[in-house]
Every structure is written in C-alpha cells, then in structure tokens.
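**Student:** Got a structure for you, questions after.
The values are calculated or read from the model by the stated rules, or taken from the named source; none is laboratory data. On a predicted model such as this, the values are computed, not experimentally measured, just so you know. Here the Cβ positions follow ideal geometry from the backbone for every residue, glycine too, while neighbour counts run over all protein chains shown. These area figures cover heavy atoms from the full protein model, side chains too; ligands, DNA and RNA do not enter into them. Shrake-Rupley method; radii C 1.70, N 1.55, O 1.52, S 1.80 Å.
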Amino acid sequence: QEMSPSAPSSGAPWMGPAIPATPIEVSSASPRLQQLLDDEFNLWDFDIFELSRLTDGRPLLFAGWEAFARSGVFSEFPIEWRKVGQFLQSAESGYLTEGRTAYHNNLHAADVTQTVHTAMSCLGIGPFFDPMDRLVSIFSAVIHDIGHDGKSNAFHVNMQDGLAIRYNDRSVLENHHLATAFDMCSSNPSVNILSGMSKEQLAVVRREVIDMVLGTDMSKHFSCVGDLTEIVGRLGTAPEVWQADENAMYVLRCMVLHSADISNPTRPFRLARQWSCRCLYEFFAQGDLEKHHGLPVSPLCDRAATDIPGSQIGFISFIVQPAFEALATLTPMVKTSCLQQVTNNLKEWEHRSRHSERFNADFFSDLGQLAAAALPEEFDYGAPVADDVVEVDPPIEAKPLEIHVCEQAVGLTSMARLFDCSCEERVLRSAENDAEGPDRSEQGPAPTRTRGS
C-alpha cells in the first residue's frame with residue numbers, strides 16, 4: 001500500500017514518487033495496525049500502548065513515520081523518505097525500551113510525537129505553523145529524550161557525573177539529547193534526513209530544534225506558560241499576526257512540545273493511569289539509587305513516603321492544568337479535547353485519595369514484566385559506596401504537597417530554596433531567573449527562514 005503525503009499549508013498535490021504507507025513491510029495479517037493508523041492516529045486519545053504491541057515494540061518508528069508523512073514535509077522539503085525510515089529506526093535504538101526504564105523510553109517518545117502531530121492537525125495549532133514549523137516540531141518530538149537514562153537532571157548534577165560536567169549543570173539531559181541526535185545525523189549519511197537542505201534551512205532547523213528541546217527542561221515551565229499567556233493577551237489569536245513575530249513563534253513551538261511532554265493527564269484515565277504508574281516506578285528507581293549513594297532523595301522518588309494519589313493531584317493542579325489553560329486561550333479546541341479530561345482525571349485521583357490507602361502495592365500491577373528498578377550495569381555512576389561509610393542526611397521534615405510537586409516539576413537543585421518562599425513567589429522567581437528563550441537582541445538576526453514551497 002502506498003500513500004501520497006499532503007501539504008496542508010498550500011494544498012499542493014504530492015508530485016514525487018509514491019511513499020509507502022509504512023516505514024517497513026508489514027504482514028498482511030495485521031489489519032488492526034493499519035486500522036489504528038488510518039482511523040485513529042489523529043485522535044487525542046490514541047492508544048500508543050496498542051501501537052507498541054502491534055509493532056513488536058517499535059512504536060516510534062511507526063508513529064514518527066505517520067507524523068512525517070501526514071505533515072506534508074516530503075512535498076515541502078528535499079527529504080528522502082528512505083532516509084526517514086532509517087532515521088526513525090536509528091532514533092528508536094537510541095532510546096531505552098520499557099524493559100530498561102519504565103517511562104523515559106521509546107514508548108514515551110512515540111507518544112509525544114503522536115501528540116505533537118495531533119496538536120498541529122486537530123487542536124487548532126496547524127494554522128499557526130508553516131512547513132518549517134511542522135518539520136522541526138516532529139523532528140524535535142522524535143529526538144527530545146534520546147539517550148535518556150531514566151534519571152533526572154538533579155540526579156546527574158548531584159552525582160557530578162560525566163553529563164553534568166560536560167554540560168555545566170545546565171539542562172544536562174536536554175543538551176545530551178540534542179547532541180546525541182545531531183551527532184547521529186552528522187555521523188551517518190544514511191539517517192541524515194536534513195542532508196538535502198540548503199545551508200540557510202539547516203541553520204533554521206538546528207536553531208529551532210535546539211530551542212524546542214531545551215524548552216522541555218521543567219525548570220522553564222512557569223516562564224513558558226507565562227510567556228504564552230502574555231503574548232496571547234498582546235497579539236490576540238490571529239495566526240498571521242503570530243507568524244510575523246519570531247519570538248511569539250519561538251514561544252509557541254516550545255509550548256507545543258512541552259505540553260505534549262506533560263500531556264499524559266489529559267488522556268482518558270485508563271491511559272493516564274498507566275503513564276502515572278510508569279513515571280512513579282521510574283522515580284522510585286532513582287530514589288533507591290540516591291539512597292545507595294547517600295544523596296538527598298528527590299521529591300516523589302521515595303517509594304516509602306510518596307502519596308501516589310496526592311502526587312498526581314499536585315502535578316495536574318500546579319503543572320498540567322495551567323499549561324493547557326494557557327494553550328486554550330490561543331485555540332479553544334484545547335478546552336474541549338484536553339481540559340475536560342484533565343478535570344475528570346483530577347476528580348478520579350481525588351476520589352482515590354479519599355478512599356484508598358496512601359500506597360497500594362497493586363498500583364504497579366499494570367507494568368507486567370517491566371524490569372526491576374536497578375539501572376543496567378553500563379550506567380556506572382562512580383565507584384560503589386561502601387555501606388559502612390555512607391553518611392545519609394537525616395530526613396527532611398515533610399512539607400505541604402505543593403512544595404514537593406513544584407520541586408519535582410521545576411527541577412530546583414536546592415530544597416532550601418523552596419522552603420524560604422511561598423509557591424507564588426517561587427513562580428515569580430522562576431519567571432525572573434529563567435531565560436525567556438534566547439535573547440534575540442544579542443544573537444543578531446535569525447537565519448533566513450525558507451518556509452517551504
């Protein structure tokens with residue numbers, strides 16, 4: 001089966017060679033896979049877990065292919081579709097699988113890729129994006145967590161390991177993902193989908209992908225939400241006005257990827273709960289390792305002390321809901337497609353908080369055969385610490401839930417910094433201290449933006 005990718009912005013017909021419907025040959029005995037991709041890929045409640053089962057654990061390969069093909073980039077840019085298949089296979093191999101880490105794996109990358117596609121195609125973001133915006137958004141989604149080891153920036157900084165040293169404690173993992181992805185492309189011509197582009201186009205792609213992936217650092221969350229809200233108030237909701245403002249488009253692109261990255265609570269509860277389960281499973285594995293190394297245990301990472309329903313209530317209330325409310329001011333479809341489900345999920349977690357035990361051992365039953373919480377041997381964070389010389393700080397007195405949630409989400413490295421100010425003051429400080437995107441005035445004019453045909 002073959003397909004003809006469309007060009008949504010111009011409506012121009014695809015004039016090149018036919019593009020395969022799937023990146024690799026799929027057995028004719030997989031009608032459900034084709035139905036899932038054909039009929040449900042544009043849906044906000046798309047089941048990425050089913051896609052993974054139907055593709056033998058290769059969800060990113062198929063989700064990425066579908067997103068690229070539907071975006072129209074094959075007709076807008078000199079991108080060889082064969083290289084796209086190789087690029088996606090190489091990118092997927094750069095992620096750990098769910099047997100190695102529960103959350104930040106190829107399944108999460110596929111989920112974010114499909115979510116970004118749906119935001120552009122069905123949530124009203126599409127009219128704001130030109131062909132270059134669509135290309136960099138899908139590319140960024142595919143590679144945004146490549147090389148992730150299932151540990152947080154704070155963990156790497158506290159360990160002062162190789163990644164923290166290399167990237168000077170700043171957005172450690174996000175910088176690592178970007179370097180890994182661009183090195184993958186530059187070192188292997190067979191996967192470099194950008195090789196046919198002009199020098200000017202390459203400059204735009206690199207700059208905007210870097211902006212978007214760095215924007216997934218949770219330390220930038222509050223400033224990103226605040227910037228979008230301010231710009232909507234200033235510019236309104238006309239796409240042509242936004243397209244004329246480079247900084248506004250920078251903020252919007254970053255917000256689309258960041259929102260996709262934290263979108264799990266906007267899905268039906270049967271999907272959202274699975275993601276919550278996986279995320280906390282990964283957090284607890286980090287907490288175990290922090291205890292082993294005598295490090296302070298990060299918030300929400302102590303399996304013996306974390307209030308599971310409470311952690312989800314806090315994450316939704318302080319992080320997810322405000323982000324999607326900000327997007328809804330730009331495109332009202334977000335309210336009906338996402339925010340109503342957020343409200344339903346919040347009520348479900350509140351119900352479980354009232355009627356369930358603080359920790360239920362059955363919570364992780366959905367994970368099935370996921371690997372144990374220990375990291376693979378190749379992730380060596382230094383010489384083993386002998387038990388008889390480990391000096392563990394006394395436990396920090398329990399603080400209100402919002403403090404723990406903000407610490408986990410914003411990624412601050414010092415708990416003391418949280419305890420000396422209110423939640424509102426922390427938001428203001430974050431907005432003041434975080435860079436509001438690159439300082440365009442000091443960088444000079446943006447590269448010429450070849451927007452596609």
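**Student:** Report the accessible area of Arg166, computed with a 1.4 Å probe over the heavy atoms of all protein chains in place, in Å² rounded to the nearest 10.
**Tutor:** 150
**Student:** Per residue, how much accessible area does segment 265-348 have with a 1.4 Å probe, in Å²? Don't skip to the answer; put the middle values down first.
**Tutor:** On the way: 2890 Å² over 84 residues.
For segment 265-348, the per-residue accessible area is 34 Å².
**Student:** Further, regarding this structure: Could you order Leu202, Leu214 so the one with the most accessible surface comes first? Probe is 1.4 Å. Numbers along the way, then the final one.
**Tutor:** On the way: Leu202 70, Leu214 45 Å².
Ranked from most to least accessible, the order is Leu202, Leu214.
**Student:** Now for a different question. Heads up, I need the accessible area for Lys83: 1.4 angstrom probe, whole protein in place, Å², nearest 10.
**Tutor:** 40
**Student:** What FRET efficiency comes out for Glu230 versus Met333 if R0 is 30 angstrom and r is the Cβ-Cβ distance? Round to the nearest 0.05.
**Tutor:** Working: r = 21 Å, r/R0 = 0.71.
Efficiency, rounded to the nearest 0.05: 0.90.
**Student:** Continuing with the same structure: Using only the heavy atoms of the protein chains and a 1.4 Å probe, how would Asp288, Asp211, Asp56 rank by accessible area, largest first? Mind showing how you got there, number by number?
**Tutor:** Details: Asp288 60, Asp211 20, Asp56 125 Å².
Ranked list, largest accessible area first: Asp56, Asp288, Asp211.
**Student:** Each residue of segment 56-73 in turn: what ³J(HN,Hα) in whole Hz from Karplus with 6.51, -1.76, 1.60 and θ = phi - 60°, glycine and Pro shown as x?
**Tutor:** 6, x, 10, x, 5, 4, 7, 5, x, 4, 5, 5, 4, 5, 6, 6, x, 5
**Student:** Moving to a separate point now. Would you calculate the separation in nanometres between label points at Arg82 and Gln34, each defined as 7 Å from the Cα along the Cα-to-beta-carbon direction?
**Tutor:** Inter-label distance under the simple model: 2.4 nm.
**Student:** Just by accessible area at a 1.4 angstrom probe, what is the order of Ile319, Ile210 from largest to smallest? The partial results should precede the final answer.
**Tutor:** On the way: Ile319 0, Ile210 45 Å².
Highest to lowest solvent-accessible surface, that is Ile210, Ile319.
**Student:** Take the Cβ-Cβ distance between Cys122 and Ser198 as r, set R0 to 35 Å, and report the resulting FRET efficiency rounded to the nearest 0.05. The partial results should precede the final answer.
**Tutor:** Details: r = 31 Å, r/R0 = 0.89.
It comes out at approximately 0.65.
**Student:** Let me ask another. Determine the per residue accessible area of segment 18-172 with all protein chains present and a 1.4 angstrom probe, expressed in square angstrom. Don't skip to the end; give the middle numbers.
**Tutor:** Values: 4870 Å² over 155 residues.
In whole numbers, segment 18-172 has 31 Å² accessible per residue.
**Student:** Could you tell me the accessible area of Asp38 in Å² (1.4 Å probe, neighbours in place), rounded to the nearest ten?
**Tutor:** Result for Asp38: roughly 80 Å² accessible.
**Student:** Please compute the modelled spin-label separation between Ala305 and Gln340, points set 7 Å along Cα→Cβ, answer in nm with one decimal.
**Tutor:** 4.1
**Student:** Using a probe of 1.4 angstrom, how much of the accessible area of segment 141-287 is carbon and sulfur, in percent? Each step should come with its number before you reach the end.
**Tutor:** Values: 2540 of 4790 Å².
The C+S portion of the solvent-accessible surface of segment 141-287 is 53 percent.
**Student:** Between Ile19 and residues 5 or more places away or on another chain, which pairs have amide H atoms under 5 Å apart, with H built 1.01 Å from N, and which residues are they?
**Tutor:** Hits under the 5 Å cutoff: Met3.
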